[in-house]
Amino acid sequence: MAVGPGTLPDFETIAGFRLGTSCAGIKKPGRKDLVVMELTPDSSVAGVFTQNAFCAAPVLLSKKHLQQQACRYLLVNTGNANAGTGAEGMADATRCCERLAQLSGSALEAVLPFSTGVIGEKLPVDRITAGLPAALAALSEQGWDDAAQGIMTTDTRPKGATRCIDIDGQSVRISGISKGAGMIKPNMATMLGLIIPAPLEIPLIRTD
């Protein structure tokens, strides 16, 4: 059962970090289901991944791309987890990354894919790639609310938090969103969380 106020905070914006959300019709028309997040070129990215031996294609591909340490874009879709899809799922995840890389002028390895939703179904690549231009056009430092809604699966409400704290006399802003209704156990399970601090030196990714 969902608890909490059901409202999102007034997010602290992170200079240079932008979020864009669109409706790609992955599971149903008119639903926010595709999110692109853009990082500054000098950003560093770290990830905490599920310890499950059975990992979805986007998890494996994100781990591979993360080793390149050149991340510029996070690509998140809901409605389809691209899990249990084998070699075809890996190819589909790569195709989505390739299209975003082409549209943004970045390298393939600079895109980290994240998919959440129905397991065992083929990823609707054509719908996702068709929705990318609108997501890129919507990129904004104020795009947190739409993004929090765009990564939801079985959640009954969007989830996010933001803080401004002092560390050794320096003011640090931290904002983050997550999806997953009771999905954090065991070992991250199928929860997805993205935490971005400012200055953009150590963006953190938590994912299934």
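Computed values, structure above
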item	result
Tabulated pairs, segment 67-78, first farther than 12 Å from Phe114 by Cβ, second assigned to a strand (DSSP E or B) and among the charged types (D, E, K, R), C-beta under 9 angstrom, 6+ apart or interchain	Arg72/Glu38
Selected residue (only one of Thr85, Thr129 is of a type in the set (Val, Ile, Thr), over 30 Å from Ala161 (Cβ atoms) and touching a Cys at 6+ places or on another chain (Cβ under 8 Å))	Thr129
Every pair of residues 6+ apart whose Cβ atoms lie under 7 Å, when the first sits in segment 112-138 and is within 26 Å of Gln67 (Cα to Cα) while the second is of a type in the set (Lys, Arg)	Thr116/Lys179; Gly117/Lys27; Val125/Arg95; Thr129/Arg99; Leu132/Arg99
In segment 43-66, the residues that are crowded, with 17+ Cβ neighbours inside 10 Å and either assigned to a helix (DSSP H, G or I) or among the aromatic types (Phe, Trp, Tyr) (or both)	Phe49, Ala57, Pro58, Val59, Leu61, Ser62, His65, Leu66
Qualifying residue in segment 90-99 (condition: assigned to a helix (DSSP H, G or I) and among the acidic types (Asp, Glu))	yes
Answer residue from segment 70-109, given it is under 17 Å from the mean Cα position of the chain (by Cα) and of a type in the set (S, T, N, Q) and is nearest to Leu136 (Cα to Cα) among those	Ser104
Residue in segment 156-177 that is assigned to a strand (DSSP E or B), farther than 19 Å from Leu19 by Cα, touching a residue at least 24 places away in the same chain (Cβ under 8 Å) and in contact with an Asp or Glu (Cβ under 8 Å, 6 or more places away or on another chain) present	yes
Those residues of segment 10-30 which are modelled with pLDDT of 90 or more and in contact with a Cys (Cβ under 6 Å, 6 or more places away or on another chain), in sequence order	Gly30
From Arg163, Arg157, residue being of a type in the set (Lys, Arg) and under 24 Å from Leu39 (Cα atoms)	Arg163
Hits in segment 161-194 (condition: within 23 Å of Lys27 (Cα to Cα) and either β-branched (Val, Ile, Thr) or at pLDDT 80 or above (or both))	Ile177, Ser178, Lys179, Thr190, Leu192, Gly193, Leu194
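The values are calculated or read from the model by the stated rules, or taken from the named source; none is laboratory data. From a predicted model like this one, the values you see are computed outputs, not experimental measurements. Methodologically, a virtual Cβ is constructed for each residue, glycine included, from the backbone with ideal geometry; neighbour enumeration extends over all protein chains shown.
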